[in-house]
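K.L.:
Got a structure for you, questions after.
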Amino acid sequence: MWNVVGFSCKSGFSGRRITFTFIPVSEKTILKLQLPTDPLWVKNVVESNIEELLTDHAFCEQKAASNAITLIVQNPNLSDLVQEMALLVQEEMDHFKRVHDIILARGFILGKERKDDYVNELRKFIISGGSRAEQLVDRLLFSAMIEARSCERFKVLSENINDPELSAFYYELMISEATHYTTFIRLAKKYANGVDVEKRWKQYLEFEAVVIQNYGKGETIHG
């Protein structure tokens, strides 16, 4: 159970302080992920290569920002979506910088972009063709799925990593990812236009449960 009642953060871009309020939630009732990450992933894989984890994480934040920008470019007529994605881009790039700051503080360098096989497998599930509403809903649910798994991974990291700085950092980002997840789900329902979002989300959860079985062995956020 996550006993999260509130969270406040300051945007590195605008300087504005944004406060989110939450009720207690759990992975099972909110994220609905079918296969949890084994905590031994942290002890047996991650802790032996923190530099690789941080580099991969930084690029995950950059890709999340790029995904939000793509949604803006593809849907400029949906003003509410554009506004929310613009804020999301700011937050994701602020997270990118914070991860990079940690990388530099520890004497590491960012390194080259890492391929995210997990995300690439999920992308194959996005429908091709269909109505504009179906395509948008699928892109939003694809985004929600990544945020949900990232949230779950950050929770596992925060609870199991033997590094106080990173434990606190990943706890904070766990809350942030949960907010992103709910944002994408809410937008999918808002712009559904007859699409059965709950049914399609269940299909995404089932597909992800199969995909994630191949991961949990690498020192990356989704690996």
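K.L.:
Could you compute the longest span of the chain free of trypsin sites (Lys or Arg not before Pro) located in DSSP loops and having at most 16 other Cβ atoms within 10 Å, not counting the site residues?
P.N.:
No qualifying site falls inside 125-216, the longest such stretch.
K.L.:
Taking amide H positions as placed in the peptide plane 1.01 Å from N, state which residues far from I221 in sequence (5 or more) or on other chains have amide H under 5 Å from it.
P.N.:
For I221, whose amide H was placed from the backbone, the distant partners under 5 Å are H57.
K.L.:
Add +1 for every Lys or Arg and -1 for every Asp or Glu among the other residues with Cβ under 14 Å from the Cβ of Q135, and state the total.
P.N.:
Every neighbour counted, the sum reads +2.
K.L.:
Please compute the net charge surrounding T183, taking Lys and Arg as +1 and Asp and Glu as -1 over other residues with Cβ under 9 Å from its Cβ.
P.N.:
With Lys, Arg at +1 and Asp, Glu at -1, the net is -1.
K.L.:
DSSP loop GluC sites (Glu not before Pro) in segment 104-141 with at most 15 other Cβ atoms within 10 Å of their Cβ, which ones?
P.N.:
Taking segment 104-141 and a limit of 15 other Cβ atoms within 10 Å, the loop GluC sites (Glu not before Pro) found are E113.
K.L.:
Could you calculate the contour length gain from L104 to N214, that is, 0.36 nm times the residue separation minus the distance between their Cα atoms, to one decimal place in nm?
P.N.:
Gain in length upon complete extension: 36.5 nm.
K.L.:
What does the extension gain come out to for K32 and K115, with contour length at 0.36 nm per residue minus their alpha carbon separation?
P.N.:
Contour length minus the Cα-Cα distance gives 27.3 nm.
K.L.:
Work through the residues other than R149 whose Cβ is under 10 Å from its Cβ and net out their charges, Lys, Arg +1 and Asp, Glu -1.
P.N.:
Local charge sum for R149: -3.
K.L.:
Something else now. Determine the relative contact order of the chain: mean sequence separation of Cα pairs under 8 Å and six or more apart, normalised by residue count, in whole percent.
P.N.:
Rounded, it is 26 percent for the chain.
K.L.:
Ignoring ligands, DNA and RNA, what percent of the accessible area of the chain is carbon or sulfur (1.4 Å)?
P.N.:
Whole-percent figure for carbon plus sulfur exposure: 54.
K.L.:
Let me ask another. Of the residues I175, I127, I146, which exhibits the maximal mean-square fluctuation in a Gaussian network model of the chain defined by a 10 Å Cα contact cut-off?
P.N.:
Residue with maximal mean-square fluctuation among I175, I127, I146: I127.
K.L.:
Can you give the translational diffusion coefficient of segment 170-222 in µm²/s, computed by Stokes-Einstein from the Kirkwood radius over Cα pairs at 10 °C and 1.306 mPa s?
P.N.:
D = 120 µm²/s.
K.L.:
At 1.4 Å probe radius, can you tell me the per residue accessible area of the chain in Å²?
P.N.:
49 Å²
K.L.:
Let me ask something else. Where the centre of each part is set by its Cα atoms, how far does segment 70-92 sit from segment 107-124, in angstrom?
P.N.:
Distance between centres, Cα-based: 23 Å.
K.L.:
Under the rule a/c < 1.5 gives rounded, and otherwise a/b versus b/c splits prolate from oblate, where does segment 106-223 land using the Cα gyration tensor?
P.N.:
Taking the square roots of the gyration eigenvalues as a ≥ b ≥ c, segment 106-223 is prolate.
K.L.:
Moving on to the next point. What lysines could a cross-link reach from K189, if we take a straight Cα to Cα line under 27 Å and drop same-chain neighbours fewer than 8 places away?
P.N.:
Reachable lysines: K28, K32, K63, K124, K155, K199, K202.
The values are calculated or read from the model by the stated rules, or taken from the named source; none is laboratory data. From a predicted model like this one, the values you see are computed outputs, not experimental measurements. FYI the Cβ positions are ideal-geometry reconstructions off the backbone, even for glycines, and counts take in every protein chain you see. Accessible surface is based on the protein model in full, side chains and every heavy atom, while ligands, DNA and RNA are left aside. Shrake-Rupley method; radii C 1.70, N 1.55, O 1.52, S 1.80 Å.
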